[in-house]
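Below is one structure, written out as structure tokens; the observations come after it.
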Amino acid sequence: MHIAMLDLRNDLESLLRSLARLTSAHRARSVMFIAARGGEGTSSIAASVALMVADRAPRATWLVDLDLLRNGAFAGFDAGFARGLGRPGRALDASLQADQFYVVPGAEAEPSLRKLLTVHNIDGSRLLVTRFRGERLGEGRKVQLRTAQGWWDALKAMSDWIIVDAPALAQSNAGLVMASQMDGVVLVVQADVTSAEDLSALRLEIESHGGKVIGVVMNRLRADARVADRFEAAN
């Protein structure tokens, strides 16, 4: 089931101030947002944060969607979720002349399948959002994720911020695969619903795969689904 993305920029200033203190070995800083279960507002928070840092950064900001076959981030922008902004622009090659962070098993000899990732500028902003052209895979073809440090290093060399929207751990291990490439991982939980045990298990999974958990966003999904109200350091 598709859950509409929400523009939470008015509610995330405290989170943005916390992320501004994040240090990195590169000029670019990379942050992944992930939840234990679907429907906790991860994509809304990741996309809203990406817009906010893009508005302040002199160089490029990329929003990388790891849910390759759904392309929820691209779909959200295409549906006009962000106030005052246009739709995604034309597709640009996002292969970055590096080994890709995905692989299509059994298609190593097909160069066209090594350039399925595109990136699109969001009209009215300095944000670039990825889209995976899964329609080109063909029937029965699957895609797998891999670390691909070279691709991330190439992206960091040309960006100021990389915001990564990972599918919920219950749906995919994509976030675990990429955790080690991030400067920090922020856990998204639904306030008053997600248990302490679920949160602890998610943190341990991330850390066991080389990720650094830097905080927790408590997202209140009331009837208006508007408030992401706290950022807590996860020490």
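The values are calculated or read from the model by the stated rules, or taken from the named source; none is laboratory data. From a predicted model like this one, the values you see are computed outputs, not experimental measurements. Positions of Cβ are backbone-derived with ideal geometry, glycine not excepted, and every protein chain shown enters the neighbour counts. Heavy atoms of the whole protein, side chains included, go into the accessibility calculation; ligands, DNA and RNA do not. Shrake-Rupley method; radii C 1.70, N 1.55, O 1.52, S 1.80 Å.
Structural remarks
- Some residue of segment 62-76 being surrounded by fewer than 20 Cβ atoms within 10 Å (Cβ to Cβ), aliphatic (A, V, I, L, M), out of contact with any strand residue (DSSP E or B) (no Cβ under 8 Å at 6 or more places or on another chain) and modelled with pLDDT of 95 or more: yes
- All conditions in (1) surrounded by 13 or more Cβ atoms within 10 Å (Cβ to Cβ); (2) more than 18 Å from the chain's Cα centre (by Cα) hold for GLY106, with the sole exception of (1).
- Qualifying residue in segment 95-118 (condition: in a loop (DSSP other than H, G, I, E, B) and hydroxyl-bearing (Ser, Thr, Tyr)): yes
- Yes/no for ALA36 being modelled with pLDDT under 90 and over 21 Å from ALA79 (Cα atoms): yes
- Pair list, Cβ < 6 Å and 6+ apart or interchain, from segment 63-87 residues that are over 21 Å from ARG136 (Cβ atoms) to residues that are polar (S, T, N, Q) and not in a strand (DSSP E or B): LEU85/SER125
- Within segment 87-102, at least one residue is over 24 Å from ARG146 (Cα atoms) and either aromatic (Phe, Trp, Tyr) or open to solvent by less than 80 Å² (accessible area, probe 1.4 Å) (or both).
- Looking across segment 70-94, the residues that are over 16 Å from ASP165 (Cα atoms) and not in a loop (DSSP other than H, G, I, E, B) come down to ASP78, PRO88, LEU92, ASP93.
- Leading residue by the ranking (nearest to SER159 (Cα to Cα)) among those in segment 1-55 that are among the charged types (D, E, K, R) and surrounded by 15 or more Cβ atoms within 10 Å (Cβ to Cβ): ARG29
- Residue ranges of strands (runs of 3 or more DSSP E) in segment 119-210 with at least 2 members within 29 Å of GLY86 (Cα to Cα) and open to solvent by 10 Å² or more (accessible area, probe 1.4 Å): 127-132, 159-165
- Residue in segment 16-32 that is among the hydrophobic types (A, V, I, L, M, F, W, C) and within 10 Å of the chain's Cα centre (by Cα) present: yes
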